[in-house]
Amino acid sequence: MTNLPDIPVEQLTEDEARAELARLADAIARADVAYHQKDAPELTDAEYDALRRRNVAIEERFPALVRMDSPSTAVGAAPSEGFAKVRHGVPMLSLGNAFADEDVADFVNRGRKFFAQDLARDPEMRLCFTAEPKIDGLSASLRYENGVFVRGATRGDGTVGEDITENLKTIADIPEKLAGSDWPAVIEVRGEVYMTHAEFQRLKAHSAKYGGQDYVNPRNTAAGSLRQKDPKITASRNLKFYAYGWGIAEDGSGNPQPPAPTQFEAVQKFKDWGFVTNSLMIRTEKVEDLLAHYRRIEEQRATLGYDIDGVVYKLDRLDLQQRWGFVARAPRWAIAHKFPAEQATTVLTAIDIQVGRTGALTPVARLQPVTVGGVVVENATLHNEDYIKRIGNSGEPIRNGVDLRVGDTVIVQRAGDVIPQIVDVVLDKRPADAVPFEFPHQCPACGSEAVRELNEKTGKLDSVRRCTGELICPAQAVENLKHFVARDALDIDGLGDKQVTQFYAEGRIARPADIFTLRARDERSVKKLKDVEGFGAVSVRKLFDAIDARREPELDRFIYALGIRHVGETTAALLAKEFGTIEEFRRVAVGATHSGGDAATIFPQISGIGDTVRSSIMAFFSNDRNIQALDDLLREVQPRPYVVNVSADSVVAGKTVVFTGSLEKMTRSEAKAMAERLGAKVAGSVSSATDILVAGPGAGSKLKKAEELDIEVISEDEWFERVAK
Ligand code: IVH
């Protein structure tokens, strides 16, 4: 059986991705416990960061699969390429977690024990703690020199973050110049960038109208907004910032100069200097007061207007913080008291089946509307047939082995704005006449047979049942059209989900090619689009112009837009690069499907593309209706040939490079693409023609051979240093 961790992200099927996200969440959580709570790391930093990066990459490819306990909602993603790197003056730490009241009492008692001698010596001494909301956003560090904002960075891996100064400058809560004059000559003010619920909803509504991407939650959206290449986009997102901490704080001669003697006063200072600080901060020495404040904040959680995921307690006196010190990456003197996932009880009124672009039949729970943590929940995901039957992805029983029936009273859970889930059934309340749910074996949209394919890799039945109707299935056709025009595909302005659904229902478009003949047909038609409610002469002209503007799409976008199963953006780019033109891709793929068995030899081995993708491409091109649809489309659009911008003046231009061992900062295909962009040739094996071997940990025979042949061997880090010159 294939080992999931070995499969490149771009080749994972949805089921594999789901299983892999579960494995990663588990592995990362275990590593976190070993690191933070047991103070005994089990993984190297590089291994840990590789797990996190893989998790994020899978989540980006499958946003719908983001788990409630996703590790990416915690800290620690390594900085990605694209922005300049910034080394923090003082590392940006994470926090240990408390879940129960006792954990908080333990934390306070640990402090009392640590300072027992001081407390015994000075009866007046009070060990005070602050309590404030834990904002569910992204931390940023803002460097001010002589009161002027000079650089801002993301947390990154805590030591090195990304320079996002220009984007941070667009946030109104971040002053360009500090007010007052009692600030240190150099200070890194730290805090959380976040997005309000109102802004998130506004963006979502706008996106639904214009056919843009689906935003998962305010935190991810804030993260995406902060990492835009164009600060104008960040500016349009109305991000906000709460200041709650600092890194370096020095006077003009480089001596430490903390903002104030205590945490509480330091935050007051931030306010004086023009920052926005959270008003829900208190200071007390009593555990009961801390817990009471936690409950107060928990009660207000739904109406705050932004996401928080707990309360942070910090020892107030900075001199004592320094003495109490740190464990690994977290301070001993602070702790995050997390909120439990929010749950509510309601009734499952129906199970509907939705048909996706690739024909997947996805069951959706319709619920009696119920408020979970301030949000009204009416639907919950049910994933697939087995999930209803109580079987998890790996065959394990879920919900204590109880199936779901219409009429059941169920417990719904929502965590951090992820799609709500049904986590349990109240069996006592099951109606006497409730019957097991019969998952349809026919597609509800077109009536075609719906089947569960045998997964060749695992030898098990696919957990997803799929409609076999393909192009005759209206649900698949509409979803395909939506995919075709979506932002990351052809990106046609003004043609969003709503318009596609409407045009399909009105018979204006059925296949992608129809989009491009819309203007000509509309001119001849008596039922003109401009007369349809919601449209007008101007908006119709704009729409037609936007369609015409996309008649020469980039090849990779075009291939992605075709909606071939398992061909995501990364794979589409690999295919575009390999074949150069759509005609060549079509010729080779069709040729391979007609070759009678030896398709694998005709369809080239492409690094980064595995068997799943290959057979999916074959399946697409062995269907005449798909070829017809593609050819009709190619009469209307001319995808641009793929051009690789090769830089001739890099230090590796003209060199032959081999990568071996495990790479930690880039995937194999990224490494190849990068080297080729820099004008190098990438080979699969070491020979006397090899100039450089880039060897990661675990390098074996290639390394040995390179040493025998006296070929230059460098590490991945040295590779980056070299190409950065
Ligand atoms: S203090 C050394 N205070 O939580 C102390 N962090 O789990 C470091 N966060 O990376 C952070 N609200 O992104 C602190 N009021 C708050 C916070 C907060 C949110 C985030 C921050 C940090 C993470 C640690």
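The values are calculated or read from the model by the stated rules, or taken from the named source; none is laboratory data. Predicted model, so just to flag it, every value in this text is computed and none were measured. Reconstructed Cβ throughout: ideal geometry from the backbone, glycine too, with neighbour counts over all protein chains shown. In case anyone asks, the SASA skips ligands and DNA or RNA and just uses the protein heavy atoms, side chains included. Shrake-Rupley method; radii C 1.70, N 1.55, O 1.52, S 1.80 Å.
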Neighbours by Cβ (under 7 Å, 6+ apart or cross-chain): first from the stretch 114-140, in contact (Cβ under 8 Å) with a residue 40 or more places away in the chain; second away from the ligand (no atom under 13 Å from the Cβ) and among the polar types (S, T, N, Q) = Cys128/Thr284; Phe129/Thr284
ask   = So Ala328 clears everything in (1) touching a residue at least 40 places away in the same chain (Cβ under 8 Å); (2) under 30 Å from Pro474 (Cβ atoms); (3) surrounded by fewer than 16 Cβ atoms within 10 Å (Cβ to Cβ) except one condition, right? Which one?
value = (2)
ask   = When only residues in the stretch 275-325 that are out of contact with any strand residue (DSSP E or B) (no Cβ under 8 Å at 6 or more places or on another chain) and small (Gly, Ala, Ser) count, which is least open to solvent (accessible area, probe 1.4 Å)?
value = Gly305
key: Residue under evaluation Gly191, criteria (1) within 14 Å of the ligand (Cβ to nearest atom); (2) touching a strand residue (DSSP E or B) at 6+ places or on another chain (Cβ under 6 Å); (3) farther than 21 Å from Lys269 by Cβ, criterion not met   = (3)
Residue satisfying all of: in the stretch 329-371; touching a Lys or Arg at 6+ places or on another chain (Cβ under 9 Å), within 16 Å of the ligand (Cβ to nearest atom) and in a strand (DSSP E or B); farthest from Val426 (Cα to Cα) among these = Pro331
query = Pick from the stretch 30-51 the residues that are within 14 Å of the ligand (Cβ to nearest atom) and either touching a helix residue (DSSP H, G or I) at 6+ places or on another chain (Cβ under 9 Å) or modelled with pLDDT of 60 or more (or both): which of them is nearest to Arg332 (Cα to Cα)?
reply = Tyr35
ask   = If you go through the stretch 143-188 one residue at a time, how many are within 16 Å of the ligand (Cβ to nearest atom), assigned to a strand (DSSP E or B) and surrounded by fewer than 19 Cβ atoms within 10 Å (Cβ to Cβ)?
value = 1
task = Output the residues belonging to the stretch 105-138 that are hydrophobic (A, V, I, L, M, F, W, C) and within 14 Å of the ligand (Cβ to nearest atom).
result = Phe107, Phe129, Ala131, Ile135, Leu138
query = Do you know which of the residues in the stretch 421-444 that are of a type outside the set (D, E, K, R), under 29 Å from Asn217 (Cβ atoms) and out of contact with any Leu (no Cβ under 8 Å at 6 or more places or on another chain) is surrounded by the fewest Cβ atoms within 10 Å (Cβ to Cβ)?
reply = Val426
request  = Assess whether Arg54 counts as being more than 11 Å from the ligand (Cβ to nearest atom), in a helix (DSSP H, G or I), over 29 Å from Ala380 (Cα atoms) and at pLDDT 80 or above.
outcome  = no
ask   = Do any residues in the stretch 81-97 that are at positive phi have Cβ atoms under 8 Å from those of residues that are in a strand (DSSP E or B) and more than 9 Å from the ligand (Cβ to nearest atom), where the two are at least six apart or on different chains, and which pairs are they?
value = Gly82/Glu162
request  = Take the stretch 269-284 and flag every residue that is within 15 Å of the ligand (Cβ to nearest atom) and assigned to a helix (DSSP H, G or I).
outcome  = Phe270, Lys271
query = Considering only residues of the stretch 224-249 that are under 22 Å from Asp307 (Cβ atoms), within 19 Å of the chain's Cα centre (by Cα) and not hydroxyl-bearing (Ser, Thr, Tyr), which is most open to solvent (accessible area, probe 1.4 Å)?
reply = Arg227
query = Taking the stretch 250-265 on its own, how many of its residues are surrounded by 21 or more Cβ atoms within 10 Å (Cβ to Cβ) and not β-branched (Val, Ile, Thr)?
reply = 2
